[in-house]
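The values are calculated or read from the model by the stated rules, or taken from the named source; none is laboratory data. Since we're looking at a predicted model, the values are computed, not measured. A quick note on method: Cβ atoms are made from the backbone with ideal geometry, for glycine too, and the neighbour counts reach across all protein chains shown.
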Amino acid sequence: MRCFGLGATLSPPFSYVAPDTAFQPHNAQRLNIMNNFLHFSSFSYIDGLQHAITTRHGGSSEGFYASLNLGFHVGDDENCVRKNRQIIVQDFDFNLENLTCAQQTHGANIEIVTRKNRGRGALDWQSAIPSTDALMTQESDTPLMILVADCALLLLVDEVNHVVAVVHAGWRGATSRIASQTVLKMAQSFGTKAEDVRVGIGPTLCVDCFEVGEEVVRAANEIAPQTVSLQFEKPHLDLRELLREDLRSVRVLDSHIETMTSCPRCEAETFFSHRGENGVTGRFGVAAWWKS
Ligand SMILES: [Zn+2]
């Protein structure tokens with residue numbers, strides 16, 4: 001597969017037709033997207049913290065992966081993915097060789113990133129930190145990235161102790177309590193107090209789009225039964241509320257949780273959506289780092 005050259009990638013957005021053409025979005029909205037990226041507004045006041053959520057626009061990949069696919073593991077040309085990561089560095093202004101990524105598995109393993117292991121997965125899939133769905137660091141100049149296409153991405157920050165974490169959470173991660181486990185690991189490893197933690201929950205499937213089976217219903221019922229909606233023909237899950245409930249269970253303050261309402265499936269022209277595109281699609285994500 002070819003990819004556009006760097007020059008061509010900065011041209012106006014491609015035209016894209018979602019394969020699921022019968023699907024009518026439920027909560028499509030006008031997003032405040034700057035230069036193809038989104039930001040949590042409550043994190044802009046944290047001194048030294050940088051973060052951005054990517055969209056599918058502004059990259060070099062073509063076809064199902066058009067255009068800013070950041071995932072090496074989804075069938076796209078690896079050279080296009082490397083080029084796309086170079087493109088975000090132009091806007092984000094961090095050292096690409098320090099970008100740290102995980103081989104995400106819908107598990108609940110959380111890895112601490114130091115100067116010794118930073119940069120793993122920056123330019124290929126093989127060297128990414130294996131079997132890990134959350135990364136955290138206290139180090140400056142150590143950008144962390146989590147990739148998604150329907151699952152939730154979370155950004156957690158403890159400004160007092162200079163700790164940042166990024167998390168991947170689908171229903172498996174959420175019901176394994178990866179969000180609250182990340183807070184507890186911040187406490188255990190860096191002395192974080194839950195009431196100091198700020199959390200951002202990024203674009204993820206809305207309840208209308210998230211039909212689930214009995215296995216998910218059983219798992220969600222153990223944490224927060226109210227997050228299972230029975231208003232549809234089959235059960236649906238409110239993943240955002242499930243994550244918030246898990247965070248509340250370790251005393252993260254509601255007023256410290258910012259939740260984006262964007263849904264990749266409803267807004268397939270803006271984000272990659274695994275469900276919306278029948279499983280063959282790219283990945284967008286969150287990158288976060290402390291400036292040196
Ligand atoms: Zn939706």
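Tallying residues that are part of a helix (DSSP H, G or I), in contact with a strand residue (DSSP E or B) (Cβ under 6 Å, 6 or more places away or on another chain) and under 28 Å from residue 236 (Cβ atoms) within the stretch 189-215 yields 1.
Looking only at strands (runs of 3 or more DSSP E) that fall completely inside the stretch 90-188, which ones have 3 or more residues that are modelled with pLDDT of 95 or more and crowded, with 20+ Cβ neighbours inside 10 Å?
On the way: elements: 110-112, 134-137, 144-148, 152-158, 163-169.
It comes to 134-137, 144-148, 152-158, 163-169.
The set of residues in the stretch 261-287 being under 21 Å from residue 44 (Cα atoms) and surrounded by fewer than 19 Cβ atoms within 10 Å (Cβ to Cβ) consists of 261 alone.
Taking residue 134 and the conditions (1) small (Gly, Ala, Ser); (2) within 16 Å of the ligand (Cβ to nearest atom); (3) touching a Ser or Thr at 6+ places or on another chain (Cβ under 8 Å), which numbered condition does it fall short on, given that it satisfies the others? Condition (2) is where residue 134 drops out. Annotation: residue 234 fulfils all but one of (1) buried (at least 18 other Cβ atoms within 10 Å of the Cβ); (2) within 16 Å of the ligand (Cβ to nearest atom); the unmet one is (1).
Once the stretch 243-268 is narrowed to residues that are among the aliphatic types (A, V, I, L, M) and farther than 15 Å from residue 169 by Cα, the residue that is nearest to the ligand (Cβ to nearest atom) is 268.
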